[in-house]
Amino acid sequence: LARPEPWEVLINLSGQDFPLKSQEEIRAFFAANEGRNFLDIVEPEKVWNDPYARIQRIRLEPPFMKSGWNVPKLRIDRWSRHLVKTLRHGYRPVEVLPHSFIMNSPHADTVENRLLHEEDWSAGGSHPKVFTLADRERLERSDKLFARKFDSRQDSEILRVLEKRVLG
């Protein structure tokens, strides 16, 4: 974020994410969707019994939340600068702050409620299933840009297969 050249896309990735598309395909996607923000959004009341007890200090009304693995693509202005500063220096859940911030900003009309990560929640619980080589076909067919969750200690071969595919 501190690089001197301008940036256009903020992609929140973790060490357990991996691209499913090449850099060229990812750049082409964002070029074709200029001015759009991709967030997986739900109103907190639909997920938590008492969401305001968890997020009361955010002070953005109304709050929005969902996946922390989102792709906001913001025009660089005072709103986006404030968001980046808050993310760098503040302590707020990544599942809540960017969503609430953007949905309460002039950028709300640019949001498409769409997750750009392939995830598998079939196991239940509070975390997605770890992808393995058994998921190869699903991942190769996916129209998503990224996938999560991977663990090289559990299955490093799926990462090698995807890396070869993405890098060509």
> Does the range 94-168 classify as rounded, prolate or oblate by the C-alpha gyration tensor (a ≥ b ≥ c root eigenvalues; a/c under 1.5 gives rounded; else a/b over b/c gives prolate, otherwise oblate)?
Replying inline: prolate
>> Taking 0.36 nm per residue of sequence separation and subtracting the Cα-Cα distance, how much length would be gained by fully extending the chain between His127 and Asp109, in nm to one decimal?
In response: 3.5 nm
> Distance in nm between label sites at Lys144 and Asp120, each 7 Å beyond Cα in the beta-carbon direction?
Replying inline: 1.1
> Karplus couplings for the range 108-123 from phi (6.51 cos²θ - 1.76 cosθ + 1.60, θ = phi - 60°), rounded to Hz, Gly and Pro as x?
Replying inline: 4, 6, 9, 7, 10, 6, 7, 8, 9, 10, 7, 9, 10, 9, 5, 7
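Here, each number is a calculation from the coordinates, and none is a lab measurement. Predicted, not measured: the structure shown is a model, and the values here were computed from it. All Cβ positions, even for glycine, are placed from backbone atoms using ideal geometry, and neighbour counts span all protein chains on display.
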